[in-house]
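Take a look at the structure set out below.
The values are calculated or read from the model by the stated rules, or taken from the named source; none is laboratory data. Values in this document were obtained by computation on a predicted structure and should not be read as measured data. We place every Cβ from the backbone using ideal geometry, glycine too, and count neighbours over all the protein chains shown. Just the protein is used for accessible areas: all its heavy atoms, side chains included, with ligands, DNA and RNA removed. Shrake-Rupley method; radii C 1.70, N 1.55, O 1.52, S 1.80 Å.
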Amino acid sequence: MDTLIVGAGFAGAVTARELAEAGERVLVIDKRANIAGNAYDRLDASGVLIHEYGPHIFHTNSERVFEWLSRFTEWRPYEHRVLAVPNAADGRAFPLPINRTTINSLYGLDLDEAGVAAYLERVREPREPIRTSEDVVLNSVGRDLCERFFRGYTRKQWGLDLSELAGGVAARIPTRTNDDDRYFTDRFQAMPAEGYTRMFERMLDHPGIEVRTGVEYARVADTDRRRTVFTGPVDEYYGQRFGALPYRSLRFEHEHLPGTAQFQPVGTVNYPNDHAWTRITEFKHLSGQQHAGTSVVREIPQGMDAPGAEPYYPIPNPANEALYKRYEALAEAETEVFFLGRLAQYRYYNMDQVVAAALALAQRLVDRPSA
Ligand code: FAD
Ligand code: UDP
């Protein structure tokens with residue numbers, strides 16, 4: 001074996017494929033029983049395709065990333081739509097990102113695009129500089145929309161106030177003055193036609209790649225000193241010697257509803273204020289699957305102190321980024337270990353960004369063969 005890859009998610013699988021195609025022999029291990037990392041999907045007991053670790057919607061502006069993945073899957077065009085149910089609105093649901101429809105229907109107005117722009121200009125609270133997620137939201141939509149759609153959701157999702165999170169978190173959600181109700185506006189938006197797991201099976205199906213699931217890195221770390229690409233949490237690799245890097249976890253509550261053809265009108269409904277969960281996703285919208293019943297997942301945020309909690313999100317704020325920098329300095333001093341992915345680079349990466357980062361790392365490794 002030339003390279004050991006820890007983690008069979010996007011970071012590990014894309015790197016493995018590229019190295020194998022360059023003629024290397026690669027061993028991929030993952031502590032879970034499944035490949036595909038958090039993108040893992042499977043048929044549930046009722047035969048509905050579900051995403052075990054929460055809804056994964058593929059979107060990218062990178063033609064290179066889309067073309068690269070297209071070698072391993074056909075695609076089903078899919079544009080994600082999200083409704084949010086704020087408090088004090090009689091349980092009504094409104095498009096998110098906030099757009100013209102959201103503002104007109106919430107406030108009983110009939111504004112055109114210019115009218116919505118003028119409305120937002122009137123209610124927004126200009127902030128300078130813009131540092132936190134609170135700055136981002138108040139600066140774009142003002143206090144009332146912030147409280148209805150953002151503050152409660154963020155408190156639930158992160159266990160922190162908007163003001164305690166870097167601006168980049170809330171900046172993922174744009175504000176629109178038109179009627180566009182798509183969650184993403186990327187050039188390429190599609191779901192792998194036979195699911196993510198099938199796509200990963202094809203990616204990892206190469207004579208140069210061996211995959212072993214159910215294998216913890218700690219079990220091979222001492223005996224195995226070959227070149228390593230590590231895609232797990234970077235602080236774990238270093239025994240948390242500077243203290244634990246904060247990650248946010250979730251509990252996924254899956255449910256099948258027999259005899260219910262459709263549970264909700266769109267793929268995801270967000271619950272900014274009521275309920276313990278942040279959102280409910282109905283998978284048939286994402287997959288286009290026909291089935292007499294339907295399957296949904298509720299995402300219930302939790303800290304890493306919950307029993308069995310897995311790290312899903314790095315928590316972007318200045319203190320955590322400063323702590324990460326200390327681990328990053330150790331990582332950069334390594335000559336035969338490379339850290340890649342959402343947990344290893346402590347970055348709020350989407351899938352396509354991980355693919356791009358993996359392609360770049362693989363290129364570097366191929367250009368500079370193992371010592
Ligand atoms: P992961 O997928 O986490 O893979 C890392 C793998 O390493 C895991 O399988 C883990 O078991 C393994 N591992 C860790 N430590 C060890 C160890 N010590 N030994 C052995 N194995 C180990 N992105 C989008 O683009 N669109 C979306 O709609 C979207 N929705 C998301 C929804 C949720 C709820 C979450 C949590 C993420 C979402 N993402 C989405 C982000 C997406 O999941 C990530 O960008 C992507 O999965 C990261 O890939 P990765 O390989 O870096 O990490
Ligand atoms: N957000 C919010 N209300 C919503 C949706 C999102 O306040 O209804 C904020 C919240 O802080 C969330 C962030 O915007 O964590 C990013 O949302 P996104 O849907 O991109 O999160 P992800 O899909 O990565 O969990």
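Here is how the numbers come out for the structure above:
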{"quantity": "Residue count for region 266-296, restricted to those that are in contact with a Leu (Cβ under 7 Å, 6 or more places away or on another chain), assigned to a loop (DSSP other than H, G, I, E, B), away from ligand 2 (no atom under 12 Å from the Cβ) and open to solvent by less than 40 Å² (accessible area, probe 1.4 Å)", "calculated": "2"}
{"quantity": "Test for Ala362: is it more than 16 Å from ligand 2 (Cβ to nearest atom), in a loop (DSSP other than H, G, I, E, B) and either under 25 Å from Tyr196 (Cβ atoms) or open to solvent by less than 20 Å² (accessible area, probe 1.4 Å) (or both)", "calculated": "no"}
{"quantity": "Index of the failed condition, Ala333 passing every other in (1) out of contact with any Gly (no Cβ under 9 Å at 6 or more places or on another chain); (2) within 13 Å of ligand 1 (Cβ to nearest atom)", "calculated": "(2)"}
{"quantity": "Selection from region 62-101 of residues that are aromatic (Phe, Trp, Tyr) and under 16 Å from Thr175 (Cα atoms)", "calculated": "Phe94"}
{"quantity": "Which numbered condition Val28 fails, given (1) without any contact (Cβ under 8 Å) to a residue 60 or more places away in the chain; (2) open to solvent by less than 30 Å² (accessible area, probe 1.4 Å); (3) not acidic (Asp, Glu)", "calculated": "(1)"}
{"quantity": "From Ser70, Ser62, Ser133, Ser46, residue being open to solvent by 20 Å² or more (accessible area, probe 1.4 Å) and farther than 27 Å from Ala360 by Cα", "calculated": "Ser46"}
{"quantity": "Residue identified as touching a residue at least 40 places away in the same chain (Cβ under 8 Å) and over 20 Å from the mean Cα position of the chain (by Cα) among Val337, Val354", "calculated": "Val337"}
{"quantity": "Some residue of region 6-13 being more than 10 Å from ligand 1 (Cβ to nearest atom), open to solvent by 10 Å² or more (accessible area, probe 1.4 Å) and in contact with a helix residue (DSSP H, G or I) (Cβ under 6 Å, 6 or more places away or on another chain)", "calculated": "no"}
{"quantity": "Pair list, Cβ under 8 Å, 6 or more apart: region 276-299 residue under 13 Å from Ser46 (Cα atoms), other residue in a loop (DSSP other than H, G, I, E, B) and of a type in the set (D, E, K, R)", "calculated": "Ser295/Asp44"}
{"quantity": "Residues satisfying the stated conditions in region 138-184, i.e. without any contact (Cβ under 8 Å) to a residue 24 or more places away in the chain, surrounded by fewer than 21 Cβ atoms within 10 Å (Cβ to Cβ) and hydrophobic (A, V, I, L, M, F, W, C)", "calculated": "none"}
